[in-house]
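The values are calculated or read from the model by the stated rules, or taken from the named source; none is laboratory data. Quick caveat, the model's predicted, so the values are computed rather than measured. Please note: Cβ atoms are built from the backbone with ideal geometry, for glycine as well, and neighbour counts cover all protein chains shown. Accessible surface is based on the protein model in full, side chains and every heavy atom, while ligands, DNA and RNA are left aside. Shrake-Rupley method; radii C 1.70, N 1.55, O 1.52, S 1.80 Å.
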Amino acid sequence: MRKSMVDQQIKRRGVNDRDVLDAMLSVPRHLFVPEKSMYRAYNDSPLPIGYGQTISQPYIVAYMTEILNLDKDSVVLEVGTGSGYQAAILSVLVKKVYTIEIIPELAASASERLQRLEYNNIEVKNGDGYYGWPERAPFDAIIVTAAAGHVPPPLIEQLKNGGRMIIPVGGAFMTQSLVLVIKDETGNITTQNIMPVIFVPLTGDHK
Ligand code: SAM
C-alpha cells in the first residue's frame, strides 16, 4: 500500500526526490493514525487524529518535505507535531528534528510513538510554535503544518541565512496559500506562493 501511495499519489503529481520518496516508503503511516482509521491510512487524503486535528495528505507531506531541499546535516523545526508522521519523515532525511505541538495530549502521544518506533533524532515539545524554539535556533529549515494569518516574525528570525521555510498562510476554514519563504545568504527574505491548500488553523494567543 505504501508503494502504491508513492507511485499513484506522490510521484504522479511530480515529487521525484529519491530520498523523499524513500522516506515516504519507509515510514509506517498506519502506525500514526487512530486504530479505527488504520485501513484508510494510505488513502489520498488527510485523516482525523483526535482533538479536531488531522494528519496531512501523503502528497502534501512529501511535497512540503521536498521543497525544503534538506540534506543529512540539516537541523529542522516543525510547528504542529500532530501525530508525529511528518517529523518521522523528516528524521530519516536530516540530522535533527525539533517539533512543537500546542495540544499537550498530542505532544505526549507523538513523543511516545516516535520513541517506540525508534526515531531517535527528534525532540518534541508542548508549546506554542508561533514563537519558535529560540534555545535551539537557528534552523536550516522550518515547516509549519497549520495555517497562520501571517508568517510569524519569530520563525523568520530563527531561520538561518540560506534557509527555507514552508508555511500555509491564510484564514481558518478557507483555502490558504502554501508559501515558500527563502532567506538568502545575506539575510534578505523573499516569498513565493506555491499552491492553494487547506490546513487546520495555527492556534495560540499571538496577534
Ligand atoms: N504534522 C502533523 C502530522 O504529521 O501528523 C499534522 C499536523 S496538523 C495538520 C496541525 C497541528 O498543528 C495540530 O496538531 C495542531 O494542534 C497543531 N498546532 C496548531 N497551532 C499550533 C501552534 N500555535 N503551535 C504548535 N502546534 C500547533
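Structure above, values below:
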{"item": "Gyration tensor (alpha-carbon) shape descriptor, region 93-207, a/c threshold 1.5", "result": "oblate"}
{"item": "DSSP bridge pairs, the chain: antiparallel proportion in percent, nearest 5", "result": "45 percent"}
{"item": "Extreme residue, positive dipole direction of the chain, given options V76, H30, S91 (C-beta unit charges)", "result": "H30"}
{"item": "Enclosed volume per residue, in Å³, of the convex hull spanned by Cα atoms of region 2-197", "result": "110 Å³"}
{"item": "Part-to-part distance (alpha-carbon centres) for region 22-40 and region 131-180, which is given in Å", "result": "26 Å"}
{"item": "For the chain, size of Cβ-based charge dipole, Lys and Arg +1, Asp and Glu -1, in debye", "result": "500 debye"}
{"item": "Positive minus negative residues near M195 (Lys, Arg vs Asp, Glu; Cβ under 15 Å)", "result": "0"}
{"item": "Of G149, L114, F139, farthest towards positive along the dipole that unit charges on Lys, Arg, Asp, Glu beta carbons give the chain", "result": "L114"}
{"item": "Local electrostatic count at K96 - Lys and Arg +1, Asp and Glu -1, tallied over other residues with Cβ under 9 Å", "result": "+1"}
{"item": "Förster radius 30 Å - calculated FRET efficiency between K3 and E118 (Cβ-Cβ, nearest 0.05)", "result": "0.85"}
{"item": "Solvent-accessible area of Y131 with every protein chain in place, 1.4 Å probe, in Å² to the nearest 10", "result": "100 Å²"}
